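Q: Please find one structure pasted underneath; my questions will follow.
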Amino acid sequence: MRIAVTEISYIARIRKSDGKVQGVFEHNENVASIAYRLGLPYGMGNIARLTGMHHDDGKNTDEYKRYLKAAAVGEAVKRGSVIHSTYGAVFIDRLASNGNIYARLAAELARTAIMSHHGLRDCITEDGKIACCDAERRIAASYAGVENIVNNYYGLESIREDFQKASGEAEAICRKIDAFHQQYPVCGSSNFYLAMYERLLTSILIDADRTDAAYFEDASSILEPPSADKLKDLWRLYAENCRRELEKYKQSKAYSPLDEYRDEISSICAEYDGGESGIFRLVLPCGAGKTLSALRYSLGTAERYAKRHIFYVAPFNSILEQNADEIIKYAGDREAVLIHHSNVVISPDDKEDLKKYSLLTENWAYSPIIATSAVQFLNTLFAGKTSNARRLSALGNSVIIIDEIQALPLKIMKLFNAAMNFLAYFCNSAIVLCSATQPPLEKLDDYKILRPKYIVDKTDKYDEAFGRVEIIPNIRGNGLTYEQAAEHIITQSNDVKSLLAIVNTRQAARYICKHVGDKLKNVANIRLFHLSANMCPAHRSAVISEMVERLSRKDETAKTVCVSTTLIEAGVNVSFERALRSLAGLDGIIQSAGRCNRNREADKGIVEVIFIRDESISRMPYLLKAQEAAREVFFSLESNPQNYLGGALSKNAVDEYYARFISKLNRNELSFPLPNDPEHTIIDLLTAGRKNKCKTNSALLKQAFREAGEAFSVIDDEGEIEVIVEYNSDAKEHIDRLLKSSSLKEQRAELRHLQQYSVRLRKHLLDSLSGGVRFEEETGVFILSHDYYDETFGADNGDGAFFI
């Protein structure tokens, strides 16, 4: 029974626009209600409600009230200087003092989420103590007063009833994890899945807290997610739009015999019913219409099983933007598809569009279809920022397409497997792994992915129909210098209209392209292109667009040569008559083959694999091992060709390559070794934490969530610095606006716009530039002068040093 308390006595927040006050209990109850709704589908509605109900208990103090009022009138206050999250954590922790193990677990899940909702926390401190107990000492003098206020408002009987319900859910979670582990003993540690439940609870609390705060500040700004009935209608509409678009294409002149196979494949995918959740595989040859087929499967599954979202996840922004456009085309509704990656460009002048985009990307809750980058997706699962963790609760009961699965970094393989298992088994999502070259994720020694079901299980006739290339190794001997590689490219280009050369490093691309250019500068009707990450995204997009337009010309005298790094090899929709590939892993070589003879420029396209000995790859240990494994497979192909029908493109060759490659890696390399402590991994931190630190056996949760989040990074960019380039007049204008901006909000808007003009360079190379780069202290950005940006090679100091 609730005892009357004047809830406005203590303040959760003061509205900026008019000074209106929101009471602590009003806010806590609003958050509890939202959290209950978000947690219910995951079997943790009551734990989430309990967590929300007490997350801001610590604001029931005069000290916090003074802090808020001072901030409201513009006095200088230090954000976070008044502790408030510890109180609710301790309050819930004490409810379990005489409880069983499930009561203890419910309390630990809730207290960790509460202490983490403004920044992830480790369960155990640096000196081996339980973090909550250690923090409790700092509020000892004021805790009893807060406890009395909370008990008086809710009533002890009601509080205990809420906690009992939460304990029941904790027991159910334990039993579900135990059942999973008994059925799949080599698919990940029980403690890892408990850590994922903890992150999910934290996600729910963060989202509920920020949603209520935003609603209080401006109720008109809050978007409503579509209802289940509305979603079912939308999925049906998008599937019908898709069929209509396909029929329209069938009637066009562009329809070809190969399109009949693409239609057949996409129809199989549309009709396939593998159940409402699980791990699925879509293995198709390059050019077989993988994106459309995956979309049709997803729409069918989403309508059949009332899914909340369809996610399309791509490893590179170029693939993401290209395929997002295709999804929009076939779904027939641009507003339905949210495209979320770091280089999305919205003009800072379009304030309403910026505001809407920010709302949509905060939690992924409002858009039926989300097309996002692998970086954003994986950060949601593992990175340390609360803005990342907040989105996790949107991933349940969804269809999630992971495109070009082979392009994910090796270091995250086991983390990825376990996270996909969690989403499929515990969160009722259907995961679709897409690629022509799928790594054997289900064959690792531990942390295996659940055995995938094949959406299209018989692909022999499709492999034959789309078998438009042959891979020919030419890797014997000592290899080629840069000059010899350039001469070889020129020789090969004499016989074809278009040729693509893909190399492993930016330095190789720059030097080889320059040598080729010097030799061909007086040759008429030839256009040489260069692509690498030393070109800003806007520059790369312009080059790719020009190159695609030139390749589509019917003019037989117009010759095209491109020298590129690997950024072109996965998903970029270009087609060259012939390709050269510097020796790499077989998966990369096959992806490169996808850019050759895509449009049937020849009866059979040739992809020649060469070894360039000048390439500096000593700092690329994975590539060295991949090259070694590929050499071994090519030797087997030569020795026993009868075992590899289809040559290097055959399933046998791909399976053998992965088996050889993975055998060359040590156990930790697939578990995300810690940057400064490679003997330990992020999986260690998310299961047992730091065993050498823990001095107590009483804690059920020992995970180091903050340390794991800080260590996690999808891209290995350590030692690199982002630099904004004075690429063109638009870049210069927005750089000037950035430097003149007067608020953090304006700076963020300008920085988002300038993402398309940024490159990442190593610090020692910046130091060598002297006056070419400047650091702006007010905004914390580096700016590269246009004089040091080459119209062909991008960031350049003239001697290729940037390309090491």
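The values are calculated or read from the model by the stated rules, or taken from the named source; none is laboratory data. Computed from a predicted structure; not experimentally measured. Note that we place each Cβ from the backbone using ideal geometry, even for glycine, and neighbour counts take in every protein chain shown. For accessibility, only protein heavy atoms count, side chains too; no ligands or nucleic acids. Shrake-Rupley method; radii C 1.70, N 1.55, O 1.52, S 1.80 Å.
Q: List the relative contact order of the stretch 383-430 as a percent without decimals, with contacts defined as Cα pairs under 8 Å and 6+ residues apart.
A: Taking the mean separation of contacting Cα pairs over the length of the stretch 383-430, I get 55 percent.
Q: Now for a different question. Are any of the pairs 20/745; 230/307; 411/443 more than 20 Å apart by Cα-Cα distance, and if so, which?
A: Result: 20/745 exceed 20 Å.
Q: Select from 557, 313, 589 the residue farthest towards the positive end of the dipole of the chain; place +1 on Cβ of Lys and Arg, -1 on Cβ of Asp and Glu, and compute about the Cα centre.
A: 313
Q: Now for a different question. What is the helix-to-structure angle for 506-520, meaning the angle in degrees between its Cα long axis and the longest Cα principal axis of the chain, kept from 0 to 90 and rounded to the nearest 10?
A: 30
Q: Over the chain, calculate the relative contact order: mean separation of alpha carbon pairs under 8 Å at least 6 apart, over the residue count, as a percent.
A: For the chain, the relative contact order is 13 percent.
Q: Still on this structure, I have one more. Could you pull the accessible area for residue 742 with a 1.4 Å probe, rounded to 10 Å²?
A: Answer for residue 742: close to 100 Å² accessible.
Q: What are the residues whose amide H is under 5 Å from the amide H of residue 605, where those residues sit 5 or more places off or on another chain and H is modelled from the backbone?
A: 469, 470
Q: Sticking with this structure for a sec: Any idea which of 87, 251, 323 is furthest toward the positive side of the dipole for the chain, if Lys and Arg beta-carbons carry +1 and Asp and Glu beta-carbons -1?
A: Of 87, 251, 323, it is 87.
Q: Another question, if that's okay. Among the lysines, which fall within straight-line cross-link reach of residue 78, defined as a Cα-Cα distance under 18 Å, with same-chain neighbours fewer than 8 residues apart omitted?
A: Counting by Cα, and skipping residues close in sequence, residue 78 has these lysines nearby: 16, 59, 65, 69.
Q: Using alpha carbon centroids, what distance separates the stretch 428-487 and the stretch 259-332, in Å?
A: Each part's Cα centre sits 19 Å from the other's.
Q: Another question, if that's okay. Under a cut-off of 15 Å between alpha-carbon atoms, report the aspartates and glutamates in cross-link reach of residue 329, not counting same-chain residues fewer than 8 places apart.
A: Within reach: 240, 245, 247, 321.
Q: Along each of the three principal axes of the Cα atoms of the stretch 279-321, give the extent in whole Å, ordering the values from largest to smallest.
A: 30, 22, 17
Q: Which one of 456, 478, 466 is farthest out on the positive end of the charge dipole of the stretch 444-498, using unit charges on Cβ (Lys, Arg +1; Asp, Glu -1) and the Cα centre as origin?
A: The one lying farthest along the dipole's positive direction is 456.
Q: Shifting gears a bit: So who's got an amide H within less than 5 Å of the one on residue 529, skipping anything under 5 residues away but keeping other chains? H placed 1.01 Å off N, in plane.
A: For residue 529, whose amide H was placed from the backbone, the distant partners under 5 Å are 561, 562, 563.
Q: For the residue pair residue 224 and residue 495, what label-to-label distance in nm results when each label sits 7 Å from Cα along the Cα-to-beta-carbon direction?
A: Inter-label distance under the simple model: 6.6 nm.
Q: Let me ask another. For the full complex of protein chains and a 1.4 angstrom probe, list 633, 523 by accessible area with the highest value first.
A: Descending accessible area places them as 523, 633.
Q: Place a +1 charge on the Cβ of each Lys and Arg in the chain and a -1 charge on the Cβ of each Asp and Glu, then give the dipole magnitude about the Cα centre in debye, rounded to the nearest 20.
A: Using Cβ point charges on Lys, Arg, Asp and Glu, the chain gives about 820 debye.
Q: Hey, of (i) 1.26; (ii) 0.98; (iii) 0.95, which did the structure itself give for Rg/Rh (Cα atoms, Kirkwood Rh) when calculated?
A: So the calculated entry is the one marked (ii).
Q: Hey, any idea what % of the chain's accessible area is carbon plus sulfur with a 1.4 Å probe?
A: For the chain, the apolar C and S fraction of the accessible surface comes to 48 percent.
Q: What accessible area per residue comes out for the chain, rounded to a whole number of Å², with a 1.4 Å probe?
A: 43
Q: Rank these residues by their accessible area, most exposed first, probe 1.4 Å: 260, 276.
A: Sorted descending by solvent-accessible area, the residues read 260, 276.
Q: Using alpha-carbon positions, what is the distance between the centroids of the stretch 189-249 and the stretch 5-62, in Å?
A: 22
Q: If Lys and Arg each add +1 and Asp and Glu each add -1, what is the summed charge of the other residues whose beta carbon sits under 13 Å from the beta carbon of residue 35?
A: Here the charged neighbours net out to -3.
Q: Turning to a different aspect of this structure: Report the trypsin sites (Lys or Arg not before Pro) located in the stretch 1-99 that are in a DSSP loop and have at most 11 other Cβ atoms inside 10 Å of their Cβ, or state none.
A: 2, 16, 20, 78, 79
Q: Could you pull the accessible area for residue 786 with a 1.4 Å probe, rounded to 10 Å²?
A: Accessible surface of residue 786 is approximately 80 Å².
Q: Which distance in Å, rounded to a whole number, links the C-alpha centroids of the stretch 770-787 and the stretch 384-411?
A: Rounded to whole Å, the Cα centres lie 34 Å apart.
Q: For the stretch 1-99, what is the relative contact order in percent, using Cα pairs closer than 8 Å and at least 6 residues apart in sequence?
A: 24
Q: Let me ask another. Keeping all protein chains in place and using 1.4 angstrom, which order do 792, 211 fall into by accessible surface area, from largest down?
A: From most exposed to least exposed: 792, 211.
Q: While we're looking at this one, here's another question. On full extension of the chain, what length is gained from residue 79 through residue 118, given 0.36 nm per residue of separation minus the C-alpha to C-alpha distance?
A: Taking residue 79 through residue 118 to full extension adds about 12.9 nm, to one decimal.
Q: Any chance you could look up the accessible area of residue 526 with a 1.4 Å probe, heavy atoms only, rounded to 10 Å²?
A: Accessible area of residue 526: about 40 Å².
Q: How many nm is it between the label spots at residue 715 and residue 638, if each spot is 7 Å from the Cα in line with the beta carbon?
A: 3.8
Q: Just subtract the alpha-carbon distance of residue 650 and residue 94 from 0.36 nm times their residue separation and send over the number in nm, one decimal.
A: 194.1 nm is the gain from fully extending residue 650 to residue 94.
Q: Find how much the distance from residue 558 to residue 777 grows on full extension, using 0.36 nm per residue of separation minus their present alpha carbon separation; answer in nm with one decimal.
A: Working it through step by step, the gained length comes to 74.0 nm.
Q: By how many degrees, 0 to 90 and rounded to 10, does the Cα axis of helix 317-331 deviate from the longest principal axis of the chain?
A: 80
Q: Setting aside same-chain residues fewer than 8 positions from residue 559, which lysines have a Cα under 21 Å from its Cα?
A: The reachable lysines, counting only those whose Cα sits under 21 Å from residue 559, are 497, 514, 519, 521, 604.
Q: Another question, then. Return the distance in nm (one decimal) between the two label points of a simple spin-label model at residue 18 and residue 453, each offset 7 Å from Cα along Cα→Cβ.
A: It works out to 5.4 nm between the two label points.
Q: Also, I was wondering about something else. Tell me the angle of helix 621-639 to the major Cα principal axis of the chain, expressed in degrees between 0 and 90 and rounded to the nearest ten.
A: Its long axis makes an angle of about 50 degrees.
Q: Also, I was wondering about something else. Calculate, for residue 306 and residue 66, the FRET efficiency according to 1/(1 + (r/R0)^6) with r their C-beta to C-beta distance and R0 56 Å; round to the nearest 0.05.
A: 0.70
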